[in-house]
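Below is one structure, written out as structure tokens; the observations come after it.
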């Protein structure tokens, strides 16, 4: 039979999503420290939720490499080490390079202005040593290409990797990216404005790999 008419959309509030977002935020910020053991009873009490949504959230975080689950042994926040950077940044470099190459033919003048503004925000935040704002501006810069490339799979993978990336950025012990990263952004903007998708993509890849090397060295 056809779906009946006359009923509005059903709003379904998933408690597992609440648990996931709360735990993810605590892990990324370092409130739950790398290597810290996680106990169901403590998490349920903290979140005010039953065991089922908490366990579902932990399972999802496990697939995203933010939590380690060893059955009958322990559940803990994934340790943070140089291997995380070695695994993560080459993939992101290639993915963002592809997004850039696909996006450049689609860019309009307003996209170029957005890139320039995000890079200015990035430069100011770096100069003032405001890490969260700097990384947000960097995300926004590369996000212009991700949105403009019109590839839903790239968007999904980037979104899935975002918490792991932000954790690497915020919890490592090291300096912020410097003027060279700003200059690399400027090279990307110039090549994108010229319609040179291949060279813009190459500059984006170099930018990600160089930052990945900085993060890796700081985690050794």
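The values are calculated or read from the model by the stated rules, or taken from the named source; none is laboratory data. Because the structure is predicted, anything quoted here is derived from the model rather than measured. Positions of Cβ are generated from backbone atoms using ideal geometry, with glycine treated the same way; all protein chains shown enter the neighbour counts.
At-a-glance table
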item	result
Meets criteria (part of a helix (DSSP H, G or I) and either in contact with a strand residue (DSSP E or B) (Cβ under 6 Å, 6 or more places away or on another chain) or crowded, with 20+ Cβ neighbours inside 10 Å (or both)) for residue 206	no
Residue in region 145-158 that is touching a residue at least 60 places away in the same chain (Cβ under 8 Å), surrounded by fewer than 17 Cβ atoms within 10 Å (Cβ to Cβ) and part of a helix (DSSP H, G or I) present	yes
Residue under evaluation residue 86, criteria (1) assigned by TED's automatic domain parsing to the domain that holds residue 206; (2) at pLDDT 95 or above, criterion not met	(2)
Test for residue 37: is it touching a strand residue (DSSP E or B) at 6+ places or on another chain (Cβ under 6 Å) and not assigned by TED's automatic domain parsing to the domain that holds residue 207	yes
